[in-house]
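The values are calculated or read from the model by the stated rules, or taken from the named source; none is laboratory data. Just so we're clear, the structure is a prediction, and the values are computed from it rather than from any experiment. With ideal geometry, Cβ positions are generated from the backbone for all residues, glycine too; neighbour counts draw on all protein chains shown.
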Amino acid sequence: MSARTSEVATDATAPPTAVDLAKARRRASSVRLPLVGAVVPRRQLLVVGALGLAIVVLALVALGTGDYPLSVVEVVRAMFAGDGGFDTTIVLEWRLPRVLVALVFGAGLALSGAIFQSLTRNPLGSPDIIGFATGSYTGALVVITLVGDSYFSTAGGAIAGGLLSAGAVYLLAYRRGIQGFRLIIVGIAVTAILHSFNTWLLLRAQVEVAMAASIWGAGSISLVGWGQAVPAFVVLAVLAILVVALSGALRQLELGDDAAKAHGMRVEPARLALLVVGVALIAVVTASAGPIAFVALAAPQIAVRISKSAGLPLVASALTGALLLLAADFVAQHLLPSAVPVGMVTVVIGGLYLIGLLIGQARKKP
Amino acid sequence: MTAPRLHADGVTLGYDQRVVSRGLSADIPDGSFTVIVGPNACGKSTLLRSFSRLLKPSAGAVVLDGKAIDRYKPKEVARAIGLLPQTSVAPEGITVADLVSRGRYPHQNLIRQWSAADEHALWAAMAATNVESLATRQLDELSGGQRQRVWVAMALAQETPILLLDEPTTYLDIAHQIDLLDLFAHLHREGNTIVAVLHDLNHAARYASHLIVMKDGEVITTGAPAEVVTAELVEDVFGLSCLVIDDPVSKTPLVIPKSGQWKD
């Protein structure tokens with residue numbers, strides 16, 4: 001045990017030596033990314049590459065599947081030939097928006113889930129569990145009941161409802177800062193209240209209104225066209241940039257508030273910014289597509305298991321979410337006897353997953 | 001005498017309504033190995049937390065280089081003062097090198113995420129704590145003693161001249177406690193200012209160059225262990241009647257409790 005004191009400590013201010021660089025190369029079979037210089041384990045890069053490949057393949061298959069089937073070769077030709085033929089119209093104008101929406105929305109939901117689960121340190125601390133999706137539904141319902149069903153007013157109502165319920169959960173859970181477990185419990189309580197409020201709204205509404213609201217509430221991306229997708233894409237892209245900017249803070253918060261503060265982080269402002277970005281991500285998706293359960297909950301957990309990373313990996317989570325929603329929408333459109341909203345598929349898979357998660361958590365605690 | 005780099009100037013410390021210390025002043029002599037001792041709940045960890053900007057005094061100020069620390073940018077303070085918190089959490093499956101590298105946060109920004117200097121500091125910190133060979137291992141696989149060394153390495157990676165340690169030896173067996181204290185003594189000899197909260201008075205007397213003795217939120221006395229640790233002081237502060245003799249190994253004061261019914 002006394003061997004250490006005889007060691008010569010290296011001068012930490014000296015420039016790096018060849019020895020340091022050799023050590024760096026040995027480090028956990030990691031890869032140094034160009035420009036930012038971050039060191040990333042090779043396995044995580046491989047997982048990101050594999051997910052990307054799977055997405056491309058599934059997207060090509062999805063673009064070719066439907067009442068007018070196309071082979072993968074025909075899909076690629078239709079995309080790049082630009083001859084304006086019937087194939088091009090089908091692929092680019094009918095099917096591509098839906099595929100892109102599934103991918104981008106899936107990624108947005110997964111990022112939102114990764115942020116929340118990381119902040120709450122709990123795989124259940126997902127925005128769809130702790131009230132924000134239900135709050136969005138409430139907002140949409142109120143707007144549909146009062147103003148009528150138009151895309152942008154419903155979207156606005158959903159965003160407002162999501163943000164308001166998020167704000168309510170945050171304030172109710174705030175006690176000398178935010179603590180993960182309290183956030184989850186308060187979130188579940190708020191979800192229950194909003195659920196009964198939603199039911200009451202639906203019961204009081206006229207039949208047509210209730211129908212429109214129920215379709216929205218099932219969570220579907222089939223009705224989203226370019227006109228609605230593009231604004232959502234722009235907002236989600238901005239939010240994704242913010243997530244990148246805040247990712248360092250997220251990694252610090254994983255070490256506990258004391259360590260994060262000792263490293264010079266402004267903990268509460270950073271956490272609030274992450275909460276706002278996380279809520280905005282799910283609110284934008286929910287506004288356009290209705291509540292889609294399960295993706296935010298499961299994608300980060302699947303991603304962390306396959307990439308074996310420390311903490312929830314953001315890029316891999318986003319790609320997993322994209323792949324999940326695309327796959328779920330494929331199932332909803334093509335593999336069931338009659339097409340259903342994608343939200344139905346994710347709810348069924350999500351229910352099973354949630355049960356598994358709860359059993360796993362119960363087993364962990366003696 | 002000029003004021004030391006780090007000192008508390010009439011601070012009132014507490015949580016919510018509960019005041020732990022009122023108008024407390026304490027100096028951390030430059031280049032010292034300062035140990036804060038006192039009975040449970042005397043406010044020693046609270047004082048340490050205020051030194052590391054984790055707890056903002058409701059009155060008075062903790063002063064670093066002549067300026068209140070809450071008037072610096074948080075990252076500036078984090079480049080001068082490092083902290084080993086009492087409890088830390090690590091994400092599941094994190095490797096030693098990854099964890100230690102997160103101590104570089106105060107030296108990084110959006111553009112400059114990981115530089116050669118960061119890499120160098122990472123390996124220097126792991127070398128100083130003798131965890132280099134564990135760099136690619138997962139933290140969960142390590143023993144308690146090794147794990148604590150990794151946390152120390154994370155604080156060292158911050159490359160701060162002042163290092164605060166909140167009960168660093170709690171939960172470790174005696175060999176690992178001594179091992180870790182030797183490490184701190186080594187860092188102290190290399191010119192770092194070390195401030196630790198310790199429970200074991202004999203360890204404090206052996207390793208500290210400067211003691212701060214606290215009771216009920218107040219500083220009772222300060223000074224070199226040989227001058228400060230007496231039977232009267234231990235009786236007064238801890239309510240324990242004892243003998244204080246010379247430690248036969250280190251020649252520092254050794255506290256031997258007199259009371260106690262260890263046999264019938």
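If the condition is being farther than 23 Å from A:V244 by Cβ, more than 9 Å from chain A (Cβ to nearest Cβ) and surrounded by fewer than 21 Cβ atoms within 10 Å (Cβ to Cβ), then the stretch B:101-144 contributes B:S133, B:R137, B:D140, B:E141, B:L142, B:S143, B:G144. Taken over the stretch B:1-39, the criterion of being within 19 Å of B:A204 (Cβ to Cβ) and outside any strand (DSSP E or B) is satisfied by B:P29, B:G31, B:S32, B:G38, B:P39.
Every residue, every condition in (1) at pLDDT below 80; (2) within 19 Å of A:A289 (Cβ to Cβ), yes or no:
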| site | (1), (2) |
| --- | --- |
| A:L324 | no, yes |
| A:A327 | no, yes |
| A:L335 | no, no |
| A:V340 | no, yes |
| A:I349 | no, yes |
| A:L354 | yes, no |
| A:L357 | yes, no |
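Kindly evaluate B:E167 against the criterion of being more than 16 Å from the chain's Cα centre (by Cα) and not hydrophobic (A, V, I, L, M, F, W, C). It would help to see each step written out before you state the result.
Details: more than 16 Å from the chain's Cα centre (by Cα): no; not hydrophobic (A, V, I, L, M, F, W, C): yes.
Spelling it out, it is not the case that B:E167 is more than 16 Å from the chain's Cα centre (by Cα) and not hydrophobic (A, V, I, L, M, F, W, C).
Residue check: B:S133 meets all listed conditions (1) over 21 Å from A:A262 (Cβ atoms); (2) in contact with a helix residue (DSSP H, G or I) (Cβ under 8 Å, 6 or more places away or on another chain); (3) without any contact (Cβ under 8 Å) to a residue 12 or more places away in the chain but one, namely (2).
Of all residues in the stretch B:130-177, how many are on the phi < 0 side of the Ramachandran plot and in a loop (DSSP other than H, G, I, E, B)? Can you show your working first?
First, the residues of the stretch B:130-177 that are on the phi < 0 side of the Ramachandran plot: B:131-158, B:160-166, B:168-170, B:172-177.
Among the residues that remain, those that are also in a loop (DSSP other than H, G, I, E, B) are: B:131, B:135-137, B:142-143, B:158, B:160-161, B:168-170, B:172-173.
Number satisfying all stated conditions: 14.
Go through the stretch A:210-258 and report how many residues are within 14 Å of chain B (Cβ to nearest Cβ) and hydrophobic (A, V, I, L, M, F, W, C). Can you show your working first?
Our first condition is that a residue be within 14 Å of chain B (Cβ to nearest Cβ); within the stretch A:210-258, this holds for A:241-258.
With hydrophobic (A, V, I, L, M, F, W, C) added as a condition, the list becomes A:241-246, A:249-250, A:253, A:255.
Total satisfying the criteria: 10.
Identify the single condition in (1) at the interface with chain A (Cβ under 8 Å from one of its Cβ atoms); (2) more than 15 Å from the chain's Cα centre (by Cα); (3) under 23 Å from B:H199 (Cα atoms) that B:L172 does not satisfy, given that it satisfies every other one. Every condition holds for B:L172 apart from (1). Being buried (at least 24 other Cβ atoms within 10 Å of the Cβ) and either within 8 Å of another protein chain (Cβ to nearest Cβ) or not polar (S, T, N, Q) (or both) holds for only one residue in B:V96, B:V89, and it is B:V96.
So, B:A196, is that one buried (at least 22 other Cβ atoms within 10 Å of the Cβ) and more than 26 Å from A:L250 (Cα to Cα) or not? Yes.
Of the conditions (1) more than 13 Å from the chain's Cα centre (by Cα); (2) at pLDDT below 95; (3) under 22 Å from B:L54 (Cβ atoms), B:M214 fails just one. Which one is it? With (1) more than 13 Å from the chain's Cα centre (by Cα); (2) at pLDDT below 95; (3) under 22 Å from B:L54 (Cβ atoms) applied to B:M214, the lone miss is (2). For the stretch A:220-243, the set of residues classified as touching a residue at least 24 places away in the same chain (Cβ under 8 Å) and either aromatic (F, W, Y) or closer than 15 Å to A:I159 by Cα (or both) consists of A:W226, A:Q228, A:A232, A:F233, A:V235, A:L236, A:L239, listed by residue number. Close contacts from the stretch A:327-349, counting a first residue that is outside any helix (DSSP H, G or I) and a second that is modelled with pLDDT of 85 or more, with Cβ to Cβ under 7 Å and a gap of 6+ residues or different chains, come to A:A339/A:A332; A:A339/A:Q333; A:V340/A:A332; A:P341/A:A332.
Just to be sure, is B:A153 at the interface with chain A (Cβ under 8 Å from one of its Cβ atoms) and of a type in the set (G, A, S)? Please lay out each step first, then the result.
Values: at the interface with chain A (Cβ under 8 Å from one of its Cβ atoms): no; of a type in the set (G, A, S): yes.
Criteria not met by B:A153.
Does the stretch A:65-75 contain any residue that is surrounded by 21 or more Cβ atoms within 10 Å (Cβ to Cβ) and touching a residue at least 60 places away in the same chain (Cβ under 8 Å)?
Of the stretch A:65-75, the ones surrounded by 21 or more Cβ atoms within 10 Å (Cβ to Cβ) are A:75.
Then drop every residue that is not touching a residue at least 60 places away in the same chain (Cβ under 8 Å), which leaves none.
The answer is no, given that none of the residues of the stretch A:65-75 is surrounded by 21 or more Cβ atoms within 10 Å (Cβ to Cβ) and touching a residue at least 60 places away in the same chain (Cβ under 8 Å).
Test A:P300 against the stated conditions and say whether it is within 30 Å of A:W94 (Cβ to Cβ) and either part of a loop (DSSP other than H, G, I, E, B) or within 14 Å of chain B (Cβ to nearest Cβ) (or both). Here the answer is no, as A:P300 does not meet what is asked.
Residues that are under 30 Å from A:R266 (Cα atoms), among the hydroxyl-bearing types (S, T, Y) and either in a helix (DSSP H, G or I) or touching a residue at least 60 places away in the same chain (Cβ under 8 Å) (or both): does the stretch A:196-216 have at least one? Spell out the reasoning first.
Within the stretch A:196-216, the subset under 30 Å from A:R266 (Cα atoms) is none.
Checking the stretch A:196-216: not a single residue is under 30 Å from A:R266 (Cα atoms), among the hydroxyl-bearing types (S, T, Y) and either in a helix (DSSP H, G or I) or touching a residue at least 60 places away in the same chain (Cβ under 8 Å) (or both).
Suppose we filter A:S317, A:S309 for residues that are buried (at least 22 other Cβ atoms within 10 Å of the Cβ), within 18 Å of the chain's Cα centre (by Cα) and not in a helix (DSSP H, G or I); which single one remains? Among A:S317, A:S309, only A:S309 is buried (at least 22 other Cβ atoms within 10 Å of the Cβ), within 18 Å of the chain's Cα centre (by Cα) and not in a helix (DSSP H, G or I). Among the residues of the stretch A:259-276, those identified as at the interface with another protein chain (Cβ under 9 Å from one of its Cβ atoms) and either in a loop (DSSP other than H, G, I, E, B) or over 22 Å from B:I69 (Cα atoms) (or both) are A:H263, A:G264, A:M265, A:R266.
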